[in-house]
Every structure is written in C-alpha cells, then in structure tokens.
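Working notes for the structure below.
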Amino acid sequence: MVNHVKITALVLSVFLSACAAPTKAPVSLYEEIGGQATIEAITDNFINEVSFNETIFQYFEKTNITRFREKFIEHLCVDTGGPCTYTGDTMLKVHQGQNITEADFNTTVDLLVSAMEKAGLSYLQQNRVLRILAPMRGEMLYK
Ligand code: HEM
C-alpha cells in the first residue's frame, strides 16, 4: 500500500513537472546556424564565390556590392527567421531585365551551397535554407 502511494506520487510528480515545464519557443534556423555572424559569413563567401565565377560575375558587373551585401544579409536573416527587416527591392524588381537562365540560376545555387558549406552549415541546414528560397525561383527566371 505504501509502495503504491509512493509510485502514484512519483508518477504524478513526473507528470506535473512535465506540464509545468515552460514552453520554449522553437529555435529559429537563424539561431541554430549561429545568428548574424553566420549570415554575414555566408554572404561574404557567396560574394567571393560569385567573383570567381566568370558566368555569374557578368550579371553583377554593374552592381553596387556594398548595397548587395547589406540587402542580401537582411534577406537571408529574414528568410531564416532572424530579427531583421528587409529594406531592399522585391525579388521580381531586382532580377527583372537580367534574363537569368535556368542554368545560371542553378549555378548560383551551387555557389550559395558552397558559401553555406564554408560557413559551417550542415547538409540538412543547407537544404532548409534552399527549401525556403526555392519558391522565389519563379520571380527570378527569364524576367
Ligand atoms: C537564390 C536566390 C536569390 C536570392 C535570395 C537573391 C537575392 C538578392 C538580393 C536580396 C539582392 C539585393 C536587392 C536590392 O539591392 O534591393 C539581389 C540582387 C541581385 N541579384 Fe539576386 N538573388 C538570388 C538569385 C540570383 C541569381 C540566380 C542571379 C543571377 C545569376 C542574381 C543576380 C543578382 C544581381 C545581378 C543583383 C544586383 C542587381 C543590381 O545591381 O541592382 N540573383 N539578389
């Protein structure tokens, strides 16, 4: 009988403490990958990768890289659930008139993957970022 009471009390306390545990907000992908420092590292690696790729660099020849860096950081921050505000133009407006081909889009994604890899993102984390960016593809291709 005593044992029975003890077990009931134990079960009850485990149950209640589980209920009382504060509900933690899920960690955003932004936080998981290391926050602003990692977002900046990805962006700098990406700019570096683009500068070494003749085909993709052509698109950026007249670009103000300081502005691009700032806006790309903001965009990636928002994409991954970070505490930022995107102040750049829409993806449609920015990429309009560039007539970006599917092949060049895919090459750019490869450069971004390489940039994320060098910034220390796991394969799974890289894929999570790509899955977020994928729906924007239609706003960039052949515009
Ligand atoms: C993977 C998805 C992509 C994302 C999330 C992205 C995002 C951005 C952002 C945030 C900007 C800056 C916007 C602003 O200045 O207001 C930008 C600019 C630019 N993007 Fe993309 N981009 C992507 C793919 C591409 C691709 C595939 C190309 C070409 C192959 C490209 C070429 C450019 C160029 C040339 C600019 C600068 C335009 C200018 O000088 O005004 N982007 N992009």
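Ignoring ligands, DNA and RNA, what accessible area per residue does the range 34-128 give at 1.4 Å, in Å²?
57
Could you pull out every one of the lysines with an alpha carbon less than 24 Å from that of residue 62, ignoring same-chain neighbours closer than 8 positions?
71, 93, 143
Around residue 77, what is the net charge, scoring Lys/Arg as +1 and Asp/Glu as -1 over all other residues with Cβ under 15 Å from its Cβ?
My count for the surroundings of residue 77 gives -4.
If you project the alpha carbons of the range 22-143 onto their three principal axes, what span does each projection cover, largest first, in Å?
51, 26, 25
The values are calculated or read from the model by the stated rules, or taken from the named source; none is laboratory data. Here the structure is a predicted model, which means the values were calculated and not measured. Every residue, glycine among them, receives a Cβ derived from its backbone with ideal geometry; neighbour counts consider all protein chains shown. What goes into the accessible areas is simple: the full protein's heavy atoms, side chains included, and nothing from ligands, DNA or RNA. Shrake-Rupley method; radii C 1.70, N 1.55, O 1.52, S 1.80 Å.
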